[in-house]
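The values are calculated or read from the model by the stated rules, or taken from the named source; none is laboratory data. Being a predicted model, the structure only gives us computed values, none of them experimental. Here the Cβ is made from the backbone with ideal geometry for all residues, glycine too, and neighbour counts use every protein chain on show.
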Amino acid sequence: MFTLFKKKSEKEQLQKKYRSLMEESYKLSHTNRKASDNKQAEAEEILKKIEQLPE
């Protein structure tokens, strides 16, 4: 009910950004492989940050 005003944690924000980058990478993989690889590299950096965060 009150989740409307709840702020997302840093981990949740990073996970959302990771999913977004992976989706974009997948879409680009059909047309531009180099751009897709760049997006995937960005997503991997985000994943490393997520893994370093405490639970």
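Of K49, K7, K17, all but one fail to be of a type in the set (D, E, K, R) and more than 12 Å from the chain's Cα centre (by Cα); the exception is K7. Being acidic (D, E) and in contact (Cβ under 8 Å) with a residue 40 or more places away in the chain holds for only one residue in E42, E24, E51, E10, and it is E10. The set of residues in region 1-48 being surrounded by 12 or more Cβ atoms within 10 Å (Cβ to Cβ) and part of a loop (DSSP other than H, G, I, E, B) consists of N32 alone.
Here E55 clears all of (1) at pLDDT below 95; (2) of a type outside the set (S, T, N, Q); (3) within 15 Å of the chain's Cα centre (by Cα) except the condition numbered (3).
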